[in-house]
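The values are calculated or read from the model by the stated rules, or taken from the named source; none is laboratory data. Remember, predicted model here, so these are calculated numbers, not experimental data. With ideal geometry, Cβ positions are generated from the backbone for all residues, glycine too; neighbour counts draw on all protein chains shown.
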Amino acid sequence: MLRLRPNVSAEALQAHLVDAERASLESTFATLAADSSLSRAAALILASRRKYIAGAGKSAAYAALLNADLAATLPNVMLIGAGLSATDVLSDVRSSDVCVVFSVRRYRAETVRLGRLFASSGGHLVVVTDDPRAPLASSASALILVDTGSASYADSPTAMAAVCHLLSSLASASAKGARRRLANRDVVTAELGLYWDESSDSLEPDADGTPPIIHSPTEESESIS
């Protein structure tokens with residue numbers, strides 16, 4: 001863990017932190033290169049009918065990241081906890097389902113229970129964790145080990161984010177209809193106006209701070225008629 005000393009310069013501290021992050025990333029990549037866990041996990045995701053993703057605490061951020069990337073190119077990707085309860089999922093587990101769970105120390109109990117029940121119900125469990133002896137390791141159909149070592153007080157998220165990117169990229173590269181889904185998403189996001197562009201400047205307040213008037217579709221149709 002990082003020990004802050006008053007005589008350590010910001011530059012030296014930054015260099016130390018960067019070296020530690022680089023080491024955890026290189027360690028993770030070396031582990032992944034030596035086994036087939038990542039490709040096996042991607043294959044399970046591709047072969048599944050429903051794809052569930054779960055994580056609690058800090059791991060919820062990793063689950064949300066993977067969910068966002070997979071949902072862009074694959075159908076039936078669902079984040080447990082975001083309007084979908086573990087009870088609903090566990091009540092209807094099929095052998096064609098997969099659940100990707102993120103579980104790192106100190107290993108949240110609800111994630112461990114979810115993973116074990118999902119696997120015992122016949123679903124495929126992909127476990128992304130930091131230790132081969134983690135509580136869910138023995139239940140995994142595919143076990144992805146990530147080095148979360150850090151020079152800071154908190155475990156490093158760097159390699160975990162990289163694994164999320166690698167896993168989603170591998171799955172998407174072989175997914176049928178991925179290009180079509182991405183193209184359709186671009187059309188939909190443009191129609192919804194989700195992202196900023198030059199036309200968004202028209203929605204800025206006037207110089208006196210008066211907000212712009214935004215008409216609803218109903219108001220516009222009534223004015224036209």
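Cβ-Cβ contacts under 8 Å between residues 6 or more apart (or on different chains), taken from a first residue in the stretch 67-94 that is in the same structural domain as Gly115 (by TED's automatic domain parsing) to a second residue that is among the aromatic types (Phe, Trp, Tyr) and assigned to a helix (DSSP H, G or I), are listed as Val89/Phe118; Leu90/Phe118; Val93/Phe118. Scanning the stretch 71-112 for residues that are over 14 Å from Ile53 (Cα atoms), of a type outside the set (Lys, Arg) and crowded, with 19+ Cβ neighbours inside 10 Å yields Thr73, Val104.
Can you say whether Ala64 is touching a residue at least 60 places away in the same chain (Cβ under 8 Å) and assigned to a helix (DSSP H, G or I), as far as the supplied structure shows? Quick ask: steps written out before the conclusion?
On the way: touching a residue at least 60 places away in the same chain (Cβ under 8 Å): no; assigned to a helix (DSSP H, G or I): yes.
No: the conditions fail for Ala64.
When each of Leu167, Leu182, Leu145 is tested for being surrounded by fewer than 16 Cβ atoms within 10 Å (Cβ to Cβ) and over 14 Å from Lys58 (Cα atoms), the lone residue that passes is Leu182.
Residues in the stretch 124-159 that are within 21 Å of Ala42 (Cβ to Cβ) and either free of Cβ contacts under 8 Å to residues at least 40 places away in the same chain or not assigned by TED's automatic domain parsing to the domain that holds Cys99 (or both): Leu125, Val127, Thr129, Asp130, Pro132, Ala134, Leu136, Ala137, Ser139, Ala140.
Any idea how many residues of the stretch 155-179 are in a helix (DSSP H, G or I) and small (Gly, Ala, Ser)? So the count comes out to 9. Residues in the stretch 170-201 that are closer than 30 Å to Ala23 by Cα and either among the aromatic types (Phe, Trp, Tyr) or free of Cβ contacts under 8 Å to residues at least 24 places away in the same chain (or both): 1 in all. For the stretch 16-34, state whether one or more residues are within 21 Å of Ala137 (Cα to Cα), assigned by TED's automatic domain parsing to the domain that holds Asp131, of a type in the set (S, T, N, Q) and part of a loop (DSSP other than H, G, I, E, B). No: zero hits.
Could you list, in sequence order, the residues of the stretch 122-142 that are farther than 16 Å from Thr31 by Cα and either surrounded by 16 or more Cβ atoms within 10 Å (Cβ to Cβ) or basic (Lys, Arg) (or both)? Of everything in the stretch 122-142, those that are farther than 16 Å from Thr31 by Cα and either surrounded by 16 or more Cβ atoms within 10 Å (Cβ to Cβ) or basic (Lys, Arg) (or both) turn out to be Gly123, His124, Leu125, Val126, Ala134, Pro135, Leu136, Ser139, Ala140. The set of residues from the stretch 21-32 being out of contact with any strand residue (DSSP E or B) (no Cβ under 7 Å at 6 or more places or on another chain) and either surrounded by 17 or more Cβ atoms within 10 Å (Cβ to Cβ) or under 15 Å from Asp130 (Cα atoms) (or both) comprises Glu21, Ala23, Ser24, Leu25, Glu26, Ser27, Thr28, Phe29, Ala30, Leu32. Within the stretch 52-61, is there a residue that is farther than 23 Å from Arg181 by Cα, crowded, with 19+ Cβ neighbours inside 10 Å and not small (Gly, Ala, Ser)? No: zero hits.
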